[in-house]
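The values are calculated or read from the model by the stated rules, or taken from the named source; none is laboratory data. In this text, all values refer to a predicted model and were calculated from it rather than measured experimentally. Positions of Cβ are backbone-derived with ideal geometry, glycine not excepted, and every protein chain shown enters the neighbour counts. These area figures cover heavy atoms from the full protein model, side chains too; ligands, DNA and RNA do not enter into them. Shrake-Rupley method; radii C 1.70, N 1.55, O 1.52, S 1.80 Å.
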Amino acid sequence: MQKKILNKKILVFTATYNEIDNVNKLLFKIKKFNPNVDILVIDDNSPDGTAEKVIELKKKIKNLNLILRSKKLGLDSAHKMAYTFALRNKYDYLITMDADMSHDPYEIKNFVKYLDKYSFVIGSRYLPKGKCLMQGRRLFLSKYGNIIIKKVLGIKLTEFTTSYRGFNLKKLKKFDLNQVKAKGYSFMMCVVFEIYIRNFDIKEIPIIFKDRLEGLSKIPRIETLRTLKNLFFLYLRKVFNGAPTKNRT
Ligand SMILES: Nc1nc2c(ncn2[C@@H]2O[C@H](COP(=O)(O)OP(=O)(O)O)[C@@H](O)[C@H]2O)c(=O)[nH]1
Ligand SMILES: [Mg+2]
């Protein structure tokens, strides 16, 4: 098992916008816990100089790639670009995570473990061993948002919105994140739906989510409304196109 994992070509991706206070710690921890993975950072010309910091870190951290975009183009398009990068460079697994230390790099190995068997592995804060250490409005929206999404879509998962995920690129045949049209933060929910309706096997694993270590959240309030609108359209697709029946773990 261990040997097999070592043979896989793994890319860990994170999108950054104004993460200068987190990126150093994040990238070192990713490498410390997973020396064999490659890393991709896509930065949208962060005014705080995150990209310059990553360029500096490239001298110390092996196989660290940076794509620097000219302006803030959104989290969804960064994830799509990372998927294209991973396919072009023939990675076996793509693991995506936030750069604000909300996702613990120590848990990457759990994604790697399950990607051996599953097409898509999603981290969940709401499984029995998972935890969401957010507070107030953010916790409320996340917790009840995920419950509502589950009920509306009728998909037996506890988490749809976190970006801590693993893609087995060899198993997800004919799937590409670029096929997912939704914009903004509800993109994450729509990705799960698209993988689900294509009948790929999905594994949920518990994650411990901490609120960001430094800096501010970039999630605009309008995103809640956009998510509700997109959820309604997914519901219609489910009703009129029919949803697959395969059991999920
Ligand atoms: N490249 C890029 N990264 C972004 C953009 N918006 C957010 N991010 C990054 O996406 C991740 C999640 O954003 P965050 O503000 O923590 O969202 P929240 O945790 O939902 O409040 C972080 O690593 C951000 O730096 C963007 O427009 N472009
Ligand atoms: Mg965050």
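A few notes on this one:
- Full-extension gain in nm, Lys129 to Lys181, via 0.36 nm per residue minus C-alpha separation: 15.5 nm
- Take every DSSP beta bridge whose two residues both sit in the chain; close to 20 percent of them are antiparallel.
- Out-of-range pairs (alpha-carbon distance over 22 Å; input Lys129/Lys171; Lys58/Lys113; Lys131/Lys203; Lys8/Lys62; Lys60/Lys170): Lys129/Lys171; Lys58/Lys113; Lys60/Lys170
- For the chain, the relative contact order comes to 23 percent (Cα pairs under 8 Å, sequence separation of at least 6).
- Candidates Phe120, Phe209, Phe232: whichever shows maximal mean-square fluctuation once the chain is modelled as a Gaussian network with Cα springs under 10 Å: Phe232
- The range 1-158 shape via C-alpha gyration tensor axes, a/c threshold 1.5: oblate
- Separation of the Asn45 and Lys32 label points, Cα + 7 Å toward Cβ, nm: 3.4 nm
- Modelled FRET efficiency - R0 22 Å, Phe240 with Lys171, Cβ distances, 0.05 increments: 0.20
- Rounded to the nearest 10 Å², the accessible area of Glu107 at probe 1.4 Å: 20 Å²
- Ranked by how many other beta carbons lie within 10 Å on average, peptides 121-130, 137-146 from highest: 121-130, 137-146
- Modelled FRET efficiency - R0 41 Å, Leu228 with Asp201, Cβ distances, 0.05 increments: 0.90
- Counting only DSSP H runs of at least 4 residues, each contributing -39500 (n - 2.57), and dividing by the residue count of the chain, the helix-based mean residue ellipticity at 222 nm comes to -12500 deg cm²/dmol.
- Highest GNM mean-square fluctuation among Leu26, Leu157, Leu225, for the chain modelled with Cα contacts below 10 Å: Leu225.
- Residue-level accessible surface for Glu214, protein heavy atoms, 1.4 Å, Å²: 80 Å²
- Asn65 long-range amide H proximity, modeled H, under 5 Å: Ile39, Leu40, Val41
- Share of carbon and sulfur in the accessible heavy-atom surface of the chain [1.4 Å probe, %]: 57 percent
- Pairwise FRET efficiency - Ser217 versus Asn63, Cβ, R0 = 35 Å, nearest 0.05: 0.75
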